[in-house]
1. Please report the orientation-averaged projected area of the range A:84-168, defined via the convex hull of its C-alpha atoms, in nm².
2. Within the set B:LYS127/B:LYS279; A:LYS95/B:LYS331; A:LYS123/B:LYS127; B:LYS279/B:LYS331, which residue pairs have Cα atoms separated by over 30 Å?
3. Testing the spin-label approximation: label points 7 Å from Cα along Cα→Cβ at A:ARG206 and B:ALA362. State their distance in nm.
4. Share of Cα-Cα pairs in the range B:32-120 beyond 21 Å, in percent?
5. Where the centre of each part is set by its Cα atoms, how far does the range A:192-215 sit from the range B:152-203, in angstrom?
6. For A:PHE19 and B:GLU139, what does the FRET efficiency come to when R0 = 41 Å and r is the distance between their Cβ atoms, rounded to the nearest 0.05?
7. Calculate the FRET efficiency for B:VAL351 and B:PHE315 from the Cβ-Cβ distance with a Förster distance of 22 Å, rounded to the nearest 0.05.
8. Beyond 33 Å, what share of the Cα-Cα pairs of the range B:149-379 is found? Please give it as a whole percent.
Amino acid sequence: MGDLIFRGVARTAGFTVGFVLFLIGLFLLIRAIPALQSEGFSFLTTFEWTSETFGIGAILYWTVVIALVALVVAVPMAIAVALFIVEYAPPRLRKLFTSLIDLLAAVPSLIFGIWGFYYLQPKIIPLSRWLSERFSFIPIFASERGLFSSSAFIAGVVVSLMVLPITTAVIREVFSRVPPGEKEAALALGATRWGMIRTVVLPFGRGGIIGGAMLGLGRALGETIAVYIIISPIFTISPRILDLGANSIAAHIALRFGEAAADPQQLSGLMAAGLVLFLVTLGVNAVASVVVGRSRSAKGVEL
Amino acid sequence: MSVSIKPAPTHSSASGGGSADLGREPNKVKPRSFRASDASALFGSMLAAAALVWLLFGVLLPVDNTAMASLAWMATFLLTYRFALKHTEGVLVARDRVMAVVVGALAAIVLAALTSIVIFVTVRGIKYLSTTFFTQTMEFTGPVDPSTEGGIAHALVGTLQQILLATLISVPLGVLTAVYLNEVGGRFSRSVRMFVNAMSGVPSIVAGLFIFATMNVGLGWSFSGFQAALALSILMLPTVTRTSEEILRLVPGGLREASLALGSTEWRSTWQVVLPTAKTGIVTAVILGVARVIGETAPLFMTAGGSPVMNANPFEGAQESLPLYIFRQVKQFSNEQTIPRGFAAALVLLVLVLVLFVTARAIARPKVERTGRKWRRRPRRSRTRGHRAGTSLASGTARGRRGAHRKPRLRRPSQRGAQRSTANPTSTEEEAL
């Protein structure tokens with residue numbers, strides 16, 4: 001009898017998690033309906049946001065751009081850090097380094113934001129300028145006005161540091177599971193350490209790398225306050241990531257929330273934007289777990 | 001392949017050429033050997049690159065930018081290093097060494113970023129820390145008043161209450177969920193685990209928006225600390241659940257078996273044996289959960305609201321919190337008077353997070369030591385969480401078979417022990433976090 005109650009209570013707790021998740025989707029949907037009704041499909045394609053017409057076309061575009069920049073920076077770094085921890089570092093340093101990466105995950109995003117804005121931005125701007133001067137023939141490096149602050153690039157770099165810990169954790173987990181026999185075989189055949197990594201560790205860990213990157217993508221898409229602090233919002237799209245101005249769904253919600261609280265229609269629009277963000281992150285995370293679940297190496301690694 | 005693998009202790013004479021690479025076992029068999037010639041190649045290349053960069057950036061076309069210069073130095077160094085090694089050691093060794101440097105440098109960059117965050121916030125924040133900063137509120141301090149006035153008392157009170165409430169909500173729920181996943185199990189444990197993972201990916205702003213949609217729009221409440229706590233508990237729950245689940249997995253199956261064999265019910269053995277054994281671990285889970293949400297800003301906009309005056313009642317009226325305070329001072333007002341205050345508060349927040357983090361580690365650590373040898377020999381499940389499923393590599397349906405009535409698990413340390421012993425003997429230790 002006692003056991004029945006115990007199991008019932010524990011099971012209820014477990015289901016509550018799913019129920020809350022369901023409620024989040026449901027309530028956002030209910031609140032989003034007015035906006036979705038008035039805007040229709042153009043909610044996804046409209047490039048402006050006023051209290052009359054609004055849509056998340058441009059915002060969604062910049063959200064993805066920032067997340068992609070973050071991934072392009074974070075994934076090679078995460079692979080390197082994971083390799084360093086698993087293959088290169090002496091055992092003592094290994095533990096310390098793992099802790100430090102975890103600590104990086106514990107730093108609040110607000111602090112990343114102010115650090116990125118006040119410390120990193122002045123350091124990155126010359127790099128942006130140099131890139132745009134030398135490589136302006138590549139569309140993403142071109143610059144229109146020669147202003148490089150508050151750009152998608154800077155936001156992406158800061159977000160990359162924030163997604164690095166989780167990506168590293170997955171990749172490290174996978175790398176540490178490479179069958180020692182295969183590694184030793186490579187070494188015995190005369191491979192250098194890098195040769196062993198290239199032919200054994202990296203191929204084995206591919207599933208984990210992709211899964212970790214996807215998981216990082218999910219985090220990067222939902223990043224709010226750091227992006228908010230760094231970018232200056234724009235509602236046009238362009239490939240120029242170094243130029244001033246970017247946007248993101250999460251930052252947009254935070255930015256417009258104050259004025260929208262008194263304007264039901266706009267609030268509904270923000271709810272719809274939140275719903276899109278929620279669904280996109282859920283989708284990305286789901287794909288990540290499928291990718292990881294299917295690969296040989298990462299089977300069983302929990303995301 | 002006709003290469004005989006014998007560890008010839010000669011240093012590889014520069015017989016050069018790509019084909020001679022296979023004859024260079026010493027480096028390959030003992031990857032960690034480091035000879036004088038290696039050191040000279042490494043430091044020589046560093047020096048050469050530094051000289052070149054200095055010539056370029058310092059003399060020929062002066063650019064006053066350390067970041068760019070160090071990037072250029074890194075690139076030049078790698079090229080020089082590769083060139084030097086290629087001629088003395090062959091292309092394979094050169095590639096190996098260069099990649100070692102690249103990996104180490106990227107890891108160092110990450111470390112440097114972390115260090116610079118801590119240092120930057122400390123340097124900018126420490127000047128305006130004073131006792132009045134902790135005792136005053138912003139009630140009588142406007143955006144243009146000098147930085148030395150005003151304080152964070154109201155924000156600290158708000159944060160404390162919100163975090164406490166969030167802990168009260170999410171910890172029982174999270175630990176029970178972990179118990180369900182690890183002790184009870186059943187058909188749905190898979191989907192519950194999926195839900196927990198999905199929840200950990202919910203963007204924080206969506207959690208805030210959800211609470212706003214239900215409480216403010218739906219029930220007509222106005223801002224309060226309690227709503228902030230609700231939003232934070234959504235974000236805290238997955239962390240608590242996953243960490244405590246990992247900890248519960250560390251509880252030896254023998255304890256459960258013993259308890260059940262003595263005739264106790266499942267409920268009693270969980271309550272009186274499993275949970276007490278995992279006590280410190282659960283405390284760690286709580287601390288990590290708190291550390292996860294203490295810096296959350298976005299959901300607080302739409303739940304706590306923020307206010308410049310002290311409000312010690314979390315159930316009524318808008319409440320300030322530390323992250324909101326920082327945000328307001330640094331970003332919203334953003335003038336010379338408010339920004340230093342914001343940084344001082346950011347330093348307080350960062351210190352809080354660091355203290356929580358270190359405490360969590362310190363609590364988790366004795367566990368490993370105390371349980372000592374006996375546990376150490378057990379398959380460590382903490383880091384290798386997947387191993388439960390991971391063993392399913394070996395025994396196909398291990399996960400699926402974890403039916404409603406859960407048998408105390410019997411593990412085969414041999415498998416896992418063998419796997420670990422050669423790969424990385426120490427990395428998996430004491431990482432219960």
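None of the figures in this text is laboratory data; all of them are computed from the coordinates on show. Model, not experiment: these values are computed from the prediction. As a convention, Cβ positions derive from the backbone with ideal geometry for all residues, glycine included, and neighbour counts pool all protein chains shown.
1. If you wrap the Cα atoms of the range A:84-168 in a convex hull and average its projections, you get 7.2 nm².
2. Values: B:LYS127/B:LYS279 40 Å; A:LYS95/B:LYS331 37 Å; A:LYS123/B:LYS127 23 Å; B:LYS279/B:LYS331 41 Å.
Beyond 30 Å between Cα atoms: B:LYS127/B:LYS279; A:LYS95/B:LYS331; B:LYS279/B:LYS331.
3. Taking the simple label geometry, A:ARG206 and B:ALA362 are separated by 4.7 nm.
4. Working: 1551 of 3916 pairs.
That fraction is 40 percent.
5. Between the Cα centre of the range A:192-215 and that of the range B:152-203, the gap is 33 Å.
6. Taking R0 as 41 Å, the efficiency between A:PHE19 and B:GLU139 is 0.50.
7. Values: r = 29 Å, r/R0 = 1.31.
With R0 = 22 Å, the Cβ-Cβ based efficiency is 0.15.
8. Numbers: 7252 of 26565 pairs.
Summing the P(r) of the range B:149-379 above 33 Å gives 27 percent of all pairs.
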